[in-house]
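Rule-based calculations on the coordinates, nothing more; no lab input. Everything numeric here is computed off the predicted structure, so don't read it as measured data. FYI the Cβ positions are ideal-geometry reconstructions off the backbone, even for glycines, and counts take in every protein chain you see.
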Amino acid sequence: MIPGKFDYVRPSTVDEAVAALVAGGDDAKVLGGGQSLMPVLRLRMGEPSVIVDTTRIDEMKGITDAGDAVVIGAGVTHDDVAKNALVREHLALLAMTTEHVADRQIRHRGTMGGAMAHADPAGDQPPVALAMGASFTIAGPSGRRTVSAADFFVDYFTTAVGPDEVLVNVTFPKHTGWGAHYEKFNRTAQAWAIVGVAATVRMDGGSIAEARIGLTNMGPGPVRASGVEAALVGASTLEAIAAAAEHAAEGTSPNSDIHAEAEYREHLARVLTRRAVAQAAGL
Amino acid sequence: MHHISVTVDGTRYEADVEPRTLLVHWLREGLGKVGTVVGCDTSNCGACTVLLDGSSVKSCSVLAVQADGSEITTIQGLSAGDDWHPVQAAFKECHGLQCGYCTPGMVMSAVDLLAENPNPTEDEIRDGLHGNLCRCTGYHNIVKSVQYAADLMGGTK
């Protein structure tokens, strides 16, 4: 279908984008790579009056080394995130998870910032941001603010980004040398995750010294499996990992839908956590 | 209306487009590039795949106005005169199509994949064509075609 009519603005700076959103009122919408928004427009599930295209804002397109962290512009495509040398060296879990997003064409166009701001509970990257302790820079009419991942994801498809604000970049603390693995369980090649588990671990000798685990589609937003993380410290065997993974569904609130009952999702969370951690730990 | 300037299959076009015009609609209805087809309207099928500045994209999921200043290659820009692109030749040789509707997108995705990975394994081909659906389910010969194209482009056939 053809989208409904809208006005189109293509700012070249973040300040211009914010000004365009303010001028556009509640009905203005940010367009990043468009791989979530375009289907919504085509199906007329949404008909914003103004589209603010952020794809030509240079500040949002770089990946930079900030010492103990890597800063990724919200407008960097999935493909560029997954292939970036800094990301691959210091944020292995993000690189690995991003390779599982949709398909080649969509990864060429879709952006990491767009996926975060869209906040689909089945999205692959929000749990990575939560698990790795990422922080989000948001620009609005009163300036810029930084929001932790724990506060960024608010509810289904809802983040801390207000209607007149733009997500500028995401800062990920480096996890250099950490093992990583993403387990995505889906029905078909193109389907969203029924459940996903993103795990990264720091090994010390043959045992797990620290673990960070994020769950996809186990609630209205990404969920951090804190119980598993605590239970994994010191684990050095597959049995110990399996025992820790039993905590994976604690504190989650998964939906029941045509693809899976909530109880089955809880089962998947435990099984996929065990597999993801074992792979990440190389055990 | 917004003015755009886009190079498509080697020719530069200037046009005024409504912002809501999808790239695929502009290619087909504005330029007559009907080799690029609309399959699904849900972003799944990949039949509308073109190269935008060298990378495969689904042209139903890009606004024409966003393509301003860029270079696009459609299925109609692959061949050099009467000489088919090796991927086109391989799809013919290996019968990589049944009804043919997904073929323009499959070929463009294969071109994109082979540019990045000239010698893909079968698994890499299947993963690389992840974003393209063949409703005849003729994937077997499509995969063979891409392997054959890789050989052609590597000069071993």
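Let me know the charge dipole size of the protein assembly as shown about its Cα centre in debye, to the nearest 20, where only the beta-carbon of Lys, Arg (+1) and Asp, Glu (-1) is charged.
With Lys and Arg at +1 and Asp and Glu at -1, about 560 debye.
Within the P(r) computed for segment B:86-154, what percentage of the Cα pairs occupies the region above 19 Å?
When every Cα pair of segment B:86-154 is considered, 17 percent fall beyond 19 Å.
Find the Cα radius of gyration of segment B:2-77, compare it with 2.2 N^0.38 Å by division, and give the number to two decimals. Each step should come with its number before you reach the end.
Numbers: Rg = 10.9 Å, N = 76, 2.2 N^0.38 = 11.4 Å.
Normalised Cα radius of gyration, segment B:2-77: 0.96.
Listed highest first by mean packing, meaning other Cβ atoms within 10 Å per residue, what order do A:24-36, A:179-191, B:114-126 come in?
Sorting A:24-36, A:179-191, B:114-126 by mean packing, highest first, produces A:24-36, A:179-191, B:114-126.
Under the definition of Cα pairs under 8 Å and six or more residues apart, what whole-number percent is the relative contact order of chain B?
On the way: 287 pairs, mean separation 37.9, N = 157.
Over chain B, the number comes to 24 percent.
Please report, to one decimal in angstroms, the Kirkwood hydrodynamic radius of segment A:141-181 built from all distinct Cα-Cα pairs.
After inverting the pairwise mean of 1/r, the radius is 12.6 Å.
Over all directions, the average projected area of the alpha-carbon convex hull for segment A:76-125 comes to how many nm²?
Seen from a random direction, the Cα hull of segment A:76-125 projects 3.1 nm² on average.
Can you give the Kirkwood hydrodynamic radius of the protein assembly as shown from its Cα pairs, in Å with one decimal? Can you show the working numbers first?
Numbers: mean 1/r = 0.0439 Å⁻¹.
The Cα-based Kirkwood calculation yields 22.8 Å.
For n ≥ 4 DSSP H runs only, could you compute -39500 (n - 2.57) per run for chain B, divide by its residues and tell me the 222 nm figure to the nearest 500?
-8500 deg cm²/dmol
How much of the pair distance distribution for segment A:180-281 lies past 22 Å, counting alpha-carbon pairs only, in percent?
24 percent
Which values of log₁₀ I(q)/I(0), to two decimal places, follow from the Debye formula for segment A:216-274 at q = 0.16 Å⁻¹ with a uniform point scatterer at every Cα?
Summing over Cα pairs of segment A:216-274 leads to -0.47.
Out of every Cα pair in segment A:1-117, what percent are spaced more than 18 Å from each other? Mind dumping the intermediate values first?
On the way: 3682 of 6786 pairs.
So the pairs more than 18 Å apart make up 54 percent of the total in segment A:1-117.
Over segment A:7-53, what number does the Rg to Rh ratio reach, with both radii from the alpha-carbon atoms and Rh per Kirkwood? Don't jump to the answer; show the numbers that get you there.
Details: Rg = 10.4 Å, Rh = 10.8 Å.
We get a ratio of 0.97 for segment A:7-53.
On a straight-distance basis, which lysines could pair with B:Lys92 in a cross-link, Cα separation under 30 angstrom, same-chain partners fewer than 8 positions away excluded?
B:Lys33, B:Lys58, B:Lys144, B:Lys157
Would you mind putting A:264-272, A:121-129, B:72-80 in packing order, based on average other-beta-carbon counts within 10 Å, highest first?
Highest mean packing first, the order is A:121-129, A:264-272, B:72-80.
If you take the C-alpha gyration tensor of segment A:58-173, multiply each eigenvalue by 5 and take the square root, what semi-axes do you get, largest first, in whole Å?
So the three semi-axes of segment A:58-173 are 20, 16, 14 Å.
Label-point separation (nm) for B:Arg135 and A:Tyr156, each offset 7 Å from Cα along Cα-to-Cβ?
If labels sit at B:Arg135 and A:Tyr156, their model points lie 2.9 nm apart.
Other chains' Cβ within 10 Å of B:120-132 residues: what's the mean? Please report the intermediate quantities before stating the final value.
Working: counts 0, 0, 0, 0, 0, 0, 1, 4, 2, 3, 8, 9, 4.
Mean partner shielding for this stretch: 2.
Grab every C-alpha pair in chain B, bin the distances at 10 angstrom width from 0 up to the longest one, and report whole percents.
All Cα pairs, binned at 10 Å, distribute as 12, 42, 32, 12, 2, 0 percent.
Report the GluC sites (Glu not before Pro) located in segment A:34-118 that are in a DSSP loop and have at most 16 other Cβ atoms inside 10 Å of their Cβ, or state none.
Those that pass, being in a loop and sparsely packed, are A:Glu99.
Peptides A:244-255, B:6-17: what's the order by average Cβ count within 10 Å, highest mean first?
A:244-255, B:6-17
Using a Förster radius of 25 Å, what is the FRET efficiency between A:Asp58 and A:Thr176 based on their Cβ-Cβ separation? Nearest 0.05, please.
0.35
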